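Comments concern the structure below.
The values are calculated or read from the model by the stated rules, or taken from the named source; none is laboratory data. On a predicted model such as this, the values are computed, not experimentally measured, just so you know. Because the Cβ atoms are built from the backbone with ideal geometry, glycine has one as well, and the counts that use them run over all protein chains shown.
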Amino acid sequence: MSIEASGILDPAKTEQEIISQLTGTPEQVALGLLAAAKQGYPEAQALYAQLLLDGQGVDIDQVQALHWFKTASLANHAMAINMVGRCIENGWGVAADPSSAAEWYKRAANLDLDWGMYNYANLLARGQAIPLNRKLAFELYNKAASQGHAKSMNVIGRFIEEGWEAKQDSALAVDWYRRSAEAGDFRGQFNHASRLAEQGKDIEAAAWLRQCASTATLGFKQKMAQTLLKSGKAPFVKIAAEILAGHGVEN
């Protein structure tokens with residue numbers, strides 16, 4: 001039976017009701033989202049685009065992913081607008097153009113999307129393809145953090161630690177790293193663990209390092225492992241060895 005014949009795409013149902021009823025294998029869910037996307041549902045369009053980027057239930061197709069993100073963006077779908085920016089910044093399905101990406105991020109930020117604020121702030125903070133503006137970047141990070149955005153919390157900690165657009169305050173920076181860590185950002189977890197280690201709290205630090213290693217990118221984990229090896233501390237060296245051996249870090 002086709003997804004249309006199943007009754008899931010009943011016009012009387014809301015988009016969220018339709019999406020919540022899509023079950024089965026990743027391939028079946030992808031087919032259901034595609035059917036809903038073709039019917040003009042923006043959330044389904046954005047979700048299907050993400051599947052195309054990630055290769056979940058479908059083959060990776062960055063060009064089609066960008067197409068569906070742009071289609072959803074026509075309905076002012078904030079995350080789709082942000083993801084068009086991500087595609088353009090990273091060259092996914094289109095030539096990389098950070099300046100154009102900044103405009104998309106700004107649109108998403110103006111729709112009060114935390115990820116849009118964070119991504120736009122990153123370009124502003126680096127002065128990448130747009131004029132450097134750390135003041136506005138700091139404001140956007142704070143606004144995103146007020147919505148619980150973990151990565152923004154970590155960057156706020158860095159701004160305060162360095163004294164960028166804020167009074168330098170090591171204790172306050174440490175608190176922001178803790179908040180980021182507890183909210184789930186692996187960089188925040190590493191920074192929080194590092195500050196705990198500086199205080200001699202190696203057991204607590206090791207626990208956070210293990211959490212960090214469980215979600216960090218491969219590149220970050222490799223750099224982290226080298227840093228931990230240089231520490232010479234047994235619990236940290238053990239974590240580093242597990243990372244470099246390619247094993248999951250034991251909790």
TODO: Scan (1) part of a helix (DSSP H, G or I); (2) under 18 Å from L113 (Cα atoms) for the single condition N76 breaks and write down its number.
DONE: (1)
- [ ] Scan the range 32-87 for residues that are over 24 Å from N110 (Cβ atoms) and of a type in the set (S, T, Y) and jot them down.
- [x] Y48
Task: Of residues in the range 10-49 being in a loop (DSSP other than H, G, I, E, B) and touching a helix residue (DSSP H, G or I) at 6+ places or on another chain (Cβ under 6 Å), the one modelled with the lowest pLDDT - done: L22
TODO: Considering each of L136, L123, L66 in turn, give the residue that is in contact with a Cys (Cβ under 8 Å, 6 or more places away or on another chain) and surrounded by 15 or more Cβ atoms within 10 Å (Cβ to Cβ).
DONE: L66
Open item on the list: I'm trying to understand the selection: among the residues of the range 75-108, which are among the hydrophobic types (A, V, I, L, M, F, W, C), surrounded by fewer than 17 Cβ atoms within 10 Å (Cβ to Cβ) and closer than 15 Å to L47 by Cα?
Closed with: A75
Task: Failed item in (1) surrounded by 14 or more Cβ atoms within 10 Å (Cβ to Cβ); (2) part of a helix (DSSP H, G or I), with A171 passing the rest - done: (1)
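One line per residue, one yes/no per condition, for (1) loosely packed, with under 14 Cβ neighbours inside 10 Å; (2) of a type outside the set (D, E); (3) under 19 Å from V174 (Cβ atoms):
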| position | (1), (2), (3) |
| --- | --- |
| N191 | no, yes, yes |
| C212 | no, yes, yes |
| A216 | no, yes, no |
| K221 | no, yes, no |
| Q226 | yes, yes, no |
| I239 | no, yes, no |
| E242 | no, no, no |
Open item on the list: Step by step: first the residues of the range 155-173, then only those that are in contact with an Asp or Glu (Cβ under 8 Å, 6 or more places away or on another chain) and among the hydrophobic types (A, V, I, L, M, F, W, C), then the one that is nearest to K230 (Cα to Cα). Which residue is that?
Closed with: A173
